[in-house]
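The values are calculated or read from the model by the stated rules, or taken from the named source; none is laboratory data. Because the structure is a prediction, the values reported are computed rather than measured. Note that each Cβ is placed from the backbone with ideal geometry, even for glycine, and that neighbours are counted across all protein chains shown.
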Amino acid sequence: MYESEAEIEDGIEEIAMPWVHNDGGFSESGLTNRGRRKHGSPVVAAIAIAEQRRYSEVYYELRTLQWDFTMRARSKRKQEHSGDPHHGVFVEVFKPYLLARGWLWTPTMGVGTGVTMHLDYEEVPDLPLLIARISKSLVTVINGVAQYTHDPSRDGRRALYGYFQPR
């Protein structure tokens, strides 16, 4: 299966995760993105896709939480953030948000463990729905297929920090 996407490195076969283009409804939301991203916020899109909600609804909820977080932050870098989710959503904002909405967090890496799991077809848990936490982003995986604006797997080598699953 997916032989065309297989890569052989040092005798180990890696199968990249299949993906479909999905911006989570950003293009229909009417929101404009003044930042460098053309497809809105991948964090907002991942949550909108997984929860089957409107992009704009999730965006405004996260914007409010992000603004509150940046006002209370001690870090100068975080204080200077615009609060706009299109410029990034802090893990301190989206993780409690998802937990409060009933998602269960499962870490796949710990301090000093190194990479233990990749965003790879063979390594991702066989769940019907999950939100994978990868570097600087979230990606929804539905039945083993990533929903994203481009291929997020880096040919099966992208580290998977953990994942959220519905309770």
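What the table shows:
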read-out: Those residues of the range 43-56 which are out of contact with any helix residue (DSSP H, G or I) (no Cβ under 7 Å at 6 or more places or on another chain), farther than 18 Å from P96 by Cβ and part of a helix (DSSP H, G or I), in sequence order; value: I49
read-out: Candidates T149, T113, filtered to the one that is among the hydroxyl-bearing types (S, T, Y), surrounded by fewer than 17 Cβ atoms within 10 Å (Cβ to Cβ) and out of contact with any Leu (no Cβ under 7 Å at 6 or more places or on another chain); value: T113
read-out: Residues (part of a strand (DSSP E or B) and surrounded by fewer than 21 Cβ atoms within 10 Å (Cβ to Cβ)) located in the range 136-146; value: S137, I142, V145
read-out: Filter result for the condition that a residue is in contact (Cβ under 8 Å) with a residue 24 or more places away in the chain and within 15 Å of A16 (Cα to Cα), over L119, L138; value: L119
read-out: Any hit, the range 31-47, residues being farther than 21 Å from Q147 by Cβ, among the basic types (K, R) and either in contact with a Ser or Thr (Cβ under 7 Å, 6 or more places away or on another chain) or at pLDDT below 90 (or both); value: yes
read-out: Unique residue being of a type in the set (K, R), out of contact with any Phe, Trp or Tyr (no Cβ under 9 Å at 6 or more places or on another chain) and either surrounded by fewer than 16 Cβ atoms within 10 Å (Cβ to Cβ) or within 26 Å of E28 (Cα to Cα) (or both) when the list is R133, R158, R74; value: R74
read-out: Single condition W103 does not satisfy, out of (1) in contact with a helix residue (DSSP H, G or I) (Cβ under 6 Å, 6 or more places away or on another chain); (2) surrounded by 17 or more Cβ atoms within 10 Å (Cβ to Cβ); value: (1)
read-out: Residue among Y60, Y97 that is surrounded by fewer than 17 Cβ atoms within 10 Å (Cβ to Cβ), at pLDDT 90 or above and in a helix (DSSP H, G or I); value: Y60
